[in-house]
Amino acid sequence: MPHRIRLRIGTVELTAELNDSPSAQALLSQLPIELRMSRWGEEYYGGCGVSIESAPDAREEMEVGELALWPPGQALCIFFGPTPASEGDEPRAASPVNPIGWLLDDPAPLREMGPVITAEVLPD
């Protein structure tokens, strides 16, 4: 069963839905968390302390609004447009990530934020 979470970044609050994967469950078990996120093109990523292995469905090409965990960096990733690794308009991770869910709200406010943000990830 999917789980809803909230991402609070300054005054912006976005709702997301996590899938039932073991990676998503590992993130849920850490909530609430506060993390510092860096911007890489139109992706924010930040260490969340979730230690996981690469999942069978891990991939590099993502969709706008998709959330993932990056095993090598123990990081949460929020994709909202092309990254330096993209070959077109699609978001692309630097290396395979484990998809864990998606934003239910428009990710457009993320485009207006700076190179480094502090985010709170909260249970809904």
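The values are calculated or read from the model by the stated rules, or taken from the named source; none is laboratory data. Please read these numbers as outputs of a predicted model, since none were measured by experiment. Virtual Cβ from ideal backbone geometry, glycine too; neighbours counted across all protein chains shown. The area values use the complete protein model at the heavy-atom level, side chains included, leaving out ligands, DNA and RNA. Shrake-Rupley method; radii C 1.70, N 1.55, O 1.52, S 1.80 Å.
Quick notes on this structure:
- Filter pass, D57 being touching a strand residue (DSSP E or B) at 6+ places or on another chain (Cβ under 7 Å), open to solvent by 40 Å² or more (accessible area, probe 1.4 Å), under 21 Å from M1 (Cβ atoms) and in a loop (DSSP other than H, G, I, E, B): yes
- S23 passes every criterion in (1) in contact (Cβ under 8 Å) with a residue 60 or more places away in the chain; (2) touching a Pro at 6+ places or on another chain (Cβ under 7 Å); (3) hydroxyl-bearing (S, T, Y) apart from (2).
- Residue within the range 40-54 that is within 20 Å of G114 (Cα to Cα), open to solvent by 40 Å² or more (accessible area, probe 1.4 Å) and not in a loop (DSSP other than H, G, I, E, B) present: yes
- Among the candidates L67, L31, residue that is touching a strand residue (DSSP E or B) at 6+ places or on another chain (Cβ under 8 Å), part of a strand (DSSP E or B), of a type in the set (A, V, I, L, M) and open to solvent by less than 70 Å² (accessible area, probe 1.4 Å): L67
- Test: residue in the range 99-111 that is closer than 18 Å to I9 by Cβ, touching a residue at least 24 places away in the same chain (Cβ under 8 Å), in contact with a Lys or Arg (Cβ under 7 Å, 6 or more places away or on another chain) and not in a loop (DSSP other than H, G, I, E, B): no
- Listed by first and then second residue, the pairs linking a residue in the range 27-47 that is under 18 Å from W102 (Cβ atoms) and at pLDDT 95 or above to a residue that is assigned to a loop (DSSP other than H, G, I, E, B) and not aliphatic (A, V, I, L, M), with Cβ atoms under 6 Å apart and 6 or more places separating them unless they lie on different chains, are E42/F80; E42/G81; E42/P82; E43/T83.
- Among the candidates E120, E90, the residue that is assigned to a loop (DSSP other than H, G, I, E, B) and either surrounded by fewer than 19 Cβ atoms within 10 Å (Cβ to Cβ) or in contact with a Phe, Trp or Tyr (Cβ under 7 Å, 6 or more places away or on another chain) (or both) is uniquely E90.
- Which numbered condition P2 fails, given (1) surrounded by 15 or more Cβ atoms within 10 Å (Cβ to Cβ); (2) closer than 13 Å to P99 by Cβ: (1)
- Residues that are of a type outside the set (A, V, I, L, M) and open to solvent by less than 10 Å² (accessible area, probe 1.4 Å), drawn from the range 70-82: C77, F79, F80, G81
- In the range 5-26, residue farthest from V97 (Cα to Cα) [restricted to those that are assigned to a loop (DSSP other than H, G, I, E, B) and open to solvent by 30 Å² or more (accessible area, probe 1.4 Å)]: T11
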